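Written out below as structure tokens is the structure these notes cover.
Read-outs throughout are calculated quantities, based only on the coordinates presented, and are distinct from any laboratory measurement. Every value quoted in this text rests on a predicted model; they were computed, and no experiment measured them. Here the Cβ positions follow ideal geometry from the backbone for every residue, glycine too, while neighbour counts run over all protein chains shown.
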Amino acid sequence: MREGMKRTFSALLVCASLLVAVGPPAVAVVPSSAEASDLVPGLPREPARTGRAPAPAPYGAPRSHTEYVPRSEVPHGLRAAACSQSTGPYQRQAERYLRRDVDGRQSQGDCRAIRRFQQAHRIAPATGFAGPVTGAMVRLMRAKKDPNRAGHCPDRAERTACVDLNRQLMWVQQNGRVIFDPVTIRSGAPSMETRTGMYRIYLRHRHHISNLYHTAMPYAQFFDRGEALHGVYEDIFSGPGSHGCVNLTMTDARRVWEVLKKGDIVYVWGRKPGV
């Protein structure tokens, strides 16, 4: 009897030692502030190793836009605590739109004005650095009043989706009147530029999946050999461009879906900056 009790006690000790060796299930570790400060807005972050996919954002919900800034300008913990002292590539455009002295040099007053603009348009981090996203938003706001001022898009009695590759904007007009205000787009990447010309929408599919790239193309409105106006779930400013399609935010894609119909005109002109 006593010998049996000894064997049982020994077995229990072995099991306890195994539990200590194995330990509890692995849990996700929050990166330290030093690791976070090395991240550069505009560049993809490493996915969290939680073993579970992140919950998707609400369908079509507005998201903040991530500005590209120099590594030295990334605030601690990705929080904008102080004004950027650096002059951004779109400094002059921002100064002109914000009615500052257009000298192309960053000042404290410039930075405060640019920061307010960034905060108003959900551009993060709002450091006052006039990067590509801030420049794109300035172009959009300047175009609001009269997007076809230069007369590049034909004035027709039919609904016409005007796709301006130069400014990366799109709007819809009819009989000389804008019926869908300009919105930001993302056209084809340098190796897959969006084709220019006049087309007609020949196919509309609300929940389309690309059979070539196997990616979602919600609110797709095809106008030329597989190229379409359609929504994207990611930030419209991320990445070098599309595979040739005209990408819109989910909100804008849904809104323009209600405006355009099969047979309407899509007119594309210009050249994407940097291409």
Pair list, Cβ < 8 Å and 6+ apart or interchain, from region 153-179 residues that are over 18 Å from PHE223 (Cα atoms) to residues that are charged (D, E, K, R) and surrounded by 21 or more Cβ atoms within 10 Å (Cβ to Cβ): none
Complete set of residues in region 172-189 that are under 13 Å from LEU140 (Cβ atoms) and surrounded by fewer than 23 Cβ atoms within 10 Å (Cβ to Cβ): ASP181, VAL183, THR184
Filtered residues of region 201-214 (kept if polar (S, T, N, Q) and loosely packed, with under 14 Cβ neighbours inside 10 Å): ASN211
Answer residue from region 223-271, given it is assigned to a loop (DSSP other than H, G, I, E, B) and among the aliphatic types (A, V, I, L, M) and is nearest to the chain's Cα centre (by Cα) among those: ILE236
